[in-house]
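S.K.: Before I ask anything, let me first share the structure, which is written out below as structure tokens.
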Amino acid sequence: MKVQLKVWRQKNRNSPGKFVIYDSPDLNPNMSFLEMLDVVNESLASKSEEPIAFDHDCREGICGTCSLVIDGKPHGPHKGVATCQTYMRSFKEGDQIVIEPFRAKAFPLIKDLVVDRKAFDRIQQKGGFISVRTGSAPDANSIPVPKDNADLAMDAAQCIGCGACVAACKNASAMLFVSAKVSHLGLLPQGQPERHRRVKAMVDQMDEEGFGACTVTGACEAVCPKSISLDFIARMNRDYLVALAKGDAKKPAAGGA
Amino acid sequence: MATLHSNVPSGPLATKWENHKFNSKLINPANKRKYRIIVVGAGLTGASAAATLAELGYEVQNFVFHDSPRRAHSVAAQGGINAAKNYQNDGDSVHRLFYDTIKGGDFRSREANVHRLAEVSVQIIDQCAAQGVPFAREYGGLLDNRSFGGAQVSRTFYARGQTGQQLLLGAYSALSRNVANGGVKLHTHSEMLDLVVVDGQAKGIVVRNLQTGELTRHAADAVVLATGGYGNVFNLSTYARGANTTAIWRAYRRGACFGNPCFTQIHPTCIPVSGDYQSKLTLMSESLRNDGRIWAPAKVGDKRAPGDIPESDRDYFLERMYGAFGNLAPRDVASRAAKTVCDEGRGVGATGLGVYLDFAESIKRLGDEKIRERYGNLFAMYHEITAEDAYKAPMRIYPAVHYTMGGLWVDYNLMSNLPGLFVLGEANFSDHGANRLGASALMQGLSDGYFVLPTTISNYLATQAPSKRPPVSHAVFSDVETDVRNRVQRYIDGKGKRTPGSYHKELGKIMWEYCGMARNRTGLEKALGLLGNLREEYRQNLHVSGEAAEWNQSLESAGRVEDFIELGELMCRDALEREESCGGHFREEFQYTKDDPEVRNGLVNPGDVKRDDGRFAHVAAWEFAGSDRPPILNREELKYEEVKMSTRSYK
Ligand SMILES: Cc1cc2nc3c(=O)[nH]c(=O)nc-3n(C[C@H](O)[C@H](O)[C@H](O)COP(=O)(O)OP(=O)(O)OC[C@H]3O[C@@H](n4cnc5c(N)ncnc54)[C@H](O)[C@@H]3O)c2cc1C
Ligand code: SF4
Ligand code: FES
């Protein structure tokens, strides 16, 4: 099969970008979407044209490195999978496929389809942890966790930090991402001591990074490759209100001090 | 010749680590702040090490080529992590985990390291649970376990099919906390391209900023490499595409010995290759072998659909050949058995390179729902890739490159022969011998990072004065930076025709053909010739797009692939030199035949690997001798004080 690509090309953050159209070489429907881009890039390189820059690593939907907005949808046409788990059999011979980067103020562009998502790390650094020094932990079975809570915590913990939720949101809100981490830790007994300080610190940092407000349209949940549920946002909002009622968060406890 | 002292402490095996901890030097808290430690890598190993060192009070500089530590390849580990907790009360103990691991490694690992690993395993689970790792639990709220290959007890802890992700996020959270409080300075999108060795000691690195192309020098009192494995030398593997050998390869070229480079793990249960465009192979976790049965048609050329093949025409070959362990035979054994079946013409699927992993019986016994709960994400992954439904028909699987047991040589303190250079996790050679058991890499990574290095590194640091640390203006730093700059420029200036990617493919094919699941003298000699030519052609005919001072993935690959080609040659050399079979290293010339007493006594099968303890009970530690000279082979003899090297039997 062959397809036509309409790809966003931009040399760097400070240069203007534009769409460029490429005709693909012959493709196999069993190729992954990223393998298709590999093949296109090989053919560009053989013509001494510059390959399309795109981010990827594990190519199995777990590292959160791949991104891409494909025909207007972050991570492409299918629900519950990442771009790297999208296969060419989902497209038809002759289709024109539009490929753009994740666009958000808090994700500055690096090149072509690659954006910088370090803002997510900075949010985690504010409170996405349980303060436990190495070596100080009690026996793992000394704190039983009801299976249902553990399972729900795991549902939230599956977030791969890809940023598709942000790219899908008209306000570029990061609420789904933040709520996943807050809920994961907040559902476990180990996470209780820092529960309210955590949510306050992480939400404040999210605002600081320039992510927008959440109006609960659900666009994020629809594109999330891990199907992280909107319910976690509601859960986080409740925690946040309690945290506000309790007053200002102190700085996260220093580790190793 | 390099000097290799294993520095294994004296005394009985079970008390070595305790004694060593007691005898290790302490650095007083006020002084710790003055020591700067570079940690390269923030997978399970690097993140846990960086966080713990910072907690202890050292100044830590952490470098990763990824945009975030959370993306390290550790994130992809599926099945689980071992620990000798004996929560199942099924007879497990530190000694049993130790013995299973050393036997699993076919008696080619260092006894004292493996025992320490088993001891520390218990603390790892405590640490991770306290961090909020959402391990699978039973209804009573306590931790659940599953079984993995090479063990007859249930000691594997897991978080659905995403154990690596959850453990990594735990280590990442500890790291993030220490970044926030200033203990760790994190450098992302920063790739170490060389090691700086001053007066024989590792004192810094040169780094390229992947966003801007800028080269920077960094000095420290010690350098820790936790940069993962090198299985991508085969191009097609279960590794993330970015995983590479550059950090350890550059350290090797600066004098660190490379231990057992040919020891590679080929994992039995991966989705088979489907075409030439393929960029990676996907693992189907070993945990599936808890409930899945592996089989192939009993008759050559049986093309019926699996459902149409009656029981009597199926060969459950692992159960037949290795009764005691059956489908849970260790990886090297299971992979070789699958290869043998396919070589006989009994393979399935379009290419004939595949066998079935069948859940029909478990689904009948436990129901769809139970299987979905245990393996839902793996079945979904299988469906995405193959468009087939494994609830209805068996999976097709074939072995693929998965892990490298070899790596830089380290002593008991995890220090290489280059003083000041520490190597952890998959990047070192130390704990898995010639074959790693499932769920033991995560254990080793976290053991090294959380518990071992933070104790042992002080033995070196105590001999160093931070006030004497060479500054980055030192001549050696500028020489190394010049080397790196020239290398980058050489790639950019190249006027050739072929991309790094096309060379990587060619390299992978050579390695898989001649240095893969089965090796022999003729093939390895041939591979060495081919690789020499490939290396030459790479110098002449490489085409790299773009510029040096920008985000440039073609340039990144150029350096990584050149290092892989050189490493490939070393692996073939090592495989050639080791004239025995052991674990994942199968030399066709050295296998059991029906006339051997071990076969007649029912201990092993004909075709099983045949070790030669008389000649090869050692670590082969290769030393770089210059680009135009063959490397030097050093040997560390493996002395077993408590365990007897015996024939490895899984029957
Ligand atoms: C698909 C798959 C499933 C697996 N499942 C299991 C399992 O169930 N149980 C188990 O025990 N093991 C499993 N393993 C093995 C295990 O995941 C790895 O061995 C382990 O995670 C390696 O951890 P690491 O910290 O040593 O390296 P990695 O996680 O590979 O981390 C390497 C780090 O080094 C950095 N880095 C590398 N080079 C440079 C450089 N030059 N400059 C700067 N930074 C650099 C990277 O950015 C990264 O942060 C699995 C492996 C695979 C491939
Ligand atoms: S919530 Fe979903 S879409 Fe958002 S970062 Fe996490 S995995 Fe990606
Ligand atoms: S490349 Fe890792 S999630 Fe897509």
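The values are calculated or read from the model by the stated rules, or taken from the named source; none is laboratory data. This one's a predicted model, so the numbers in the text were calculated from it and none came from an experiment. Cβ sites come from the backbone with ideal geometry, for glycine too, and all protein chains shown count toward neighbours. What goes into the accessible areas is simple: the full protein's heavy atoms, side chains included, and nothing from ligands, DNA or RNA. Shrake-Rupley method; radii C 1.70, N 1.55, O 1.52, S 1.80 Å.
S.K.: Which of the residues spanning the range A:127-167 are more than 25 Å from B:THR52 (Cα to Cα) and open to solvent by 30 Å² or more (accessible area, probe 1.4 Å)?
M.R.: Selection gives A:PRO144, A:PRO146, A:ASP148, A:ASN149, A:ASP151, A:LEU152, A:ASP155.
S.K.: Shifting gears a bit: Those residues that are open to solvent by less than 50 Å² (accessible area, probe 1.4 Å), without any contact (Cβ under 8 Å) to a residue 24 or more places away in the chain and touching a helix residue (DSSP H, G or I) at 6+ places or on another chain (Cβ under 7 Å), I need them from the range B:585-627; list them, please.
M.R.: Correct list: B:TYR592 only.
Residue by residue, here is whether (1) within 14 Å of chain A (Cβ to nearest Cβ); (2) free of Cβ contacts under 8 Å to residues at least 24 places away in the same chain; (3) touching a Phe, Trp or Tyr at 6+ places or on another chain (Cβ under 7 Å) holds:
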{"position": "B:LYS103", "(1), (2), (3)": "no, no, no"}
{"position": "B:ASP106", "(1), (2), (3)": "no, no, no"}
{"position": "B:GLN123", "(1), (2), (3)": "yes, no, yes"}
{"position": "B:CYS128", "(1), (2), (3)": "yes, no, no"}
{"position": "B:ARG146", "(1), (2), (3)": "no, no, yes"}
{"position": "B:SER154", "(1), (2), (3)": "no, no, no"}
{"position": "B:GLN162", "(1), (2), (3)": "yes, no, no"}
{"position": "B:ALA174", "(1), (2), (3)": "yes, no, yes"}
{"position": "B:LYS185", "(1), (2), (3)": "yes, no, no"}
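S.K.: Only residues that are within 18 Å of B:GLU569 (Cβ to Cβ) and of a type in the set (Asp, Glu): list them for the range B:477-520, please.
M.R.: Passing the criteria: B:GLU506, B:GLU513.
S.K.: Moving on. Looking only at residues that are away from chain B (no Cβ under 12 Å) and not in a helix (DSSP H, G or I) in the range A:168-193, which one is surrounded by the most Cβ atoms within 10 Å (Cβ to Cβ)?
M.R.: Among residues in the range A:168-193 that are away from chain B (no Cβ under 12 Å) and not in a helix (DSSP H, G or I), the one surrounded by the most Cβ atoms within 10 Å (Cβ to Cβ) is A:ALA174.
S.K.: How many residues are crowded, with 18+ Cβ neighbours inside 10 Å and of a type in the set (D, E, K, R) if we restrict to the range B:507-522?
M.R.: Number satisfying all stated conditions: 1.
S.K.: Limited to the range B:44-95, what total is found for residues that are polar (S, T, N, Q), under 17 Å from B:VAL120 (Cβ atoms) and in contact (Cβ under 8 Å) with a residue 12 or more places away in the chain?
M.R.: Selection size over the range B:44-95: 5.
S.K.: Look at B:ASP368 and say whether it is more than 30 Å from B:SER649 (Cβ to Cβ), open to solvent by 30 Å² or more (accessible area, probe 1.4 Å) and touching a residue at least 12 places away in the same chain (Cβ under 8 Å).
M.R.: When the stated conditions are applied, B:ASP368 passes them.
S.K.: Okay, moving on. Which number in (1) farther than 28 Å from B:VAL75 by Cβ; (2) in a strand (DSSP E or B); (3) in contact (Cβ under 8 Å) with a residue 40 or more places away in the chain marks the one condition that A:VAL20 misses?
M.R.: The number of the failed condition is (3).
S.K.: Next question, about the same structure. In the range A:55-74, how many are more than 7 Å from chain B (Cβ to nearest Cβ), open to solvent by 10 Å² or more (accessible area, probe 1.4 Å) and either on the phi > 0 side of the Ramachandran plot or more than 15 Å from the chain's Cα centre (by Cα) (or both)?
M.R.: Of the residues in that region, 2 qualify.
S.K.: Turning to a different aspect of this structure: Those residues that are closer than 23 Å to A:ALA219 by Cβ and either within 16 Å of ligand 1 (Cβ to nearest atom) or polar (S, T, N, Q) (or both), I need them from the range A:48-61; list them, please.
M.R.: A:ASP55, A:GLY61, listed by residue number.
S.K.: Over 30 Å from A:GLY61 (Cα atoms) and surrounded by fewer than 24 Cβ atoms within 10 Å (Cβ to Cβ): is that true of B:ASN209 in this structure?
M.R.: For B:ASN209, the condition - over 30 Å from A:GLY61 (Cα atoms) and surrounded by fewer than 24 Cβ atoms within 10 Å (Cβ to Cβ) - is not met.
S.K.: Please determine whether any residue of the range B:27-34 is among the β-branched types (Val, Ile, Thr) and open to solvent by less than 10 Å² (accessible area, probe 1.4 Å).
M.R.: No: zero hits.
S.K.: What are the residues in the range B:212-233 that are open to solvent by less than 10 Å² (accessible area, probe 1.4 Å), away from ligand 3 (no atom under 16 Å from the Cβ) and either within 14 Å of another protein chain (Cβ to nearest Cβ) or under 30 Å from A:SER32 (Cα atoms) (or both), if any?
M.R.: Once the filter is applied, which keeps residues that are open to solvent by less than 10 Å² (accessible area, probe 1.4 Å), away from ligand 3 (no atom under 16 Å from the Cβ) and either within 14 Å of another protein chain (Cβ to nearest Cβ) or under 30 Å from A:SER32 (Cα atoms) (or both), the range B:212-233 yields B:GLY229, B:TYR230, B:GLY231, B:VAL233.
S.K.: Just need a number here: residues in the range B:289-304 that are open to solvent by 30 Å² or more (accessible area, probe 1.4 Å), in contact (Cβ under 8 Å) with a residue 12 or more places away in the chain and within 16 Å of B:GLY345 (Cα to Cα).
M.R.: Final tally of qualifying residues: 4.
S.K.: Moving on to the next point. Within the bounds of the range A:84-96, is there any residue that is in a loop (DSSP other than H, G, I, E, B), under 13 Å from the mean Cα position of the chain (by Cα), within 15 Å of ligand 2 (Cβ to nearest atom) and surrounded by 16 or more Cβ atoms within 10 Å (Cβ to Cβ)?
M.R.: Within the range A:84-96, none of the residues are in a loop (DSSP other than H, G, I, E, B), under 13 Å from the mean Cα position of the chain (by Cα), within 15 Å of ligand 2 (Cβ to nearest atom) and surrounded by 16 or more Cβ atoms within 10 Å (Cβ to Cβ).
S.K.: Quick one: in the range A:194-238, of everything that is buried (at least 23 other Cβ atoms within 10 Å of the Cβ), part of a loop (DSSP other than H, G, I, E, B) and of a type in the set (A, V, I, L, M, F, W, C), which residue is farthest from ligand 1 (Cβ to nearest atom)?
M.R.: A:PHE211
S.K.: Filter the range B:417-439 down to residues that are in contact with a Leu (Cβ under 8 Å, 6 or more places away or on another chain) and not hydrophobic (A, V, I, L, M, F, W, C) and give me whichever is farthest from ligand 1 (Cβ to nearest atom).
M.R.: B:ASN417
S.K.: B:ILE457 fails exactly one of the following numbered conditions: (1) within 16 Å of ligand 1 (Cβ to nearest atom); (2) surrounded by 24 or more Cβ atoms within 10 Å (Cβ to Cβ). What is the number of that condition?
M.R.: So the condition that B:ILE457 fails would be (1).
S.K.: A follow-up question, please. Return only the number of the condition from (1) open to solvent by 20 Å² or more (accessible area, probe 1.4 Å); (2) outside any helix (DSSP H, G or I); (3) modelled with pLDDT of 95 or more; (4) not hydroxyl-bearing (Ser, Thr, Tyr) that B:ILE397 does not satisfy.
M.R.: (1)
S.K.: Going through the range B:368-391 one residue at a time, which ones are more than 10 Å from every other protein chain (Cβ to nearest Cβ) and of a type in the set (A, V, I, L, M)?
M.R.: Of everything in the range B:368-391, those that are more than 10 Å from every other protein chain (Cβ to nearest Cβ) and of a type in the set (A, V, I, L, M) turn out to be B:ILE371, B:LEU378, B:ALA390.
S.K.: With the structure loaded, tell me whether B:GLU580 is over 21 Å from the mean Cα position of the chain (by Cα), outside the structural domain of B:SER416 (by TED's automatic domain parsing) and open to solvent by 60 Å² or more (accessible area, probe 1.4 Å) or whether it fails that test.
M.R.: In short, no.
S.K.: While we're here: Go through (1) assigned to a helix (DSSP H, G or I); (2) open to solvent by 20 Å² or more (accessible area, probe 1.4 Å); (3) farther than 20 Å from B:GLY213 by Cα one by one and return the number of the condition B:ASP479 breaks.
M.R.: Result: B:ASP479 fails condition (3) only.
S.K.: Here is a further query. What are the residues in the range A:136-167 that are more than 16 Å from ligand 3 (Cβ to nearest atom) and in a loop (DSSP other than H, G, I, E, B), if any?
M.R.: Those that are more than 16 Å from ligand 3 (Cβ to nearest atom) and in a loop (DSSP other than H, G, I, E, B): A:SER136, A:ALA137, A:PRO138, A:ASP139, A:ILE143, A:PRO144, A:VAL145, A:PRO146.
S.K.: For the range B:197-297, please list each of the strands (runs of 3 or more DSSP E) lying entirely inside it that holds at least 1 residues being of a type in the set (Ser, Thr, Tyr).
M.R.: Those strands (runs of 3 or more DSSP E) span B:215-219, B:264-270.
S.K.: Residues in the range A:23-54 that are within 13 Å of ligand 3 (Cβ to nearest atom) and either at the interface with another protein chain (Cβ under 8 Å from one of its Cβ atoms) or assigned to a helix (DSSP H, G or I) (or both): how many?
M.R.: 6
S.K.: Just wondering, is there one or more residues in the range A:105-126 that are within 23 Å of B:TYR382 (Cβ to Cβ) and within 14 Å of ligand 3 (Cβ to nearest atom)?
M.R.: no
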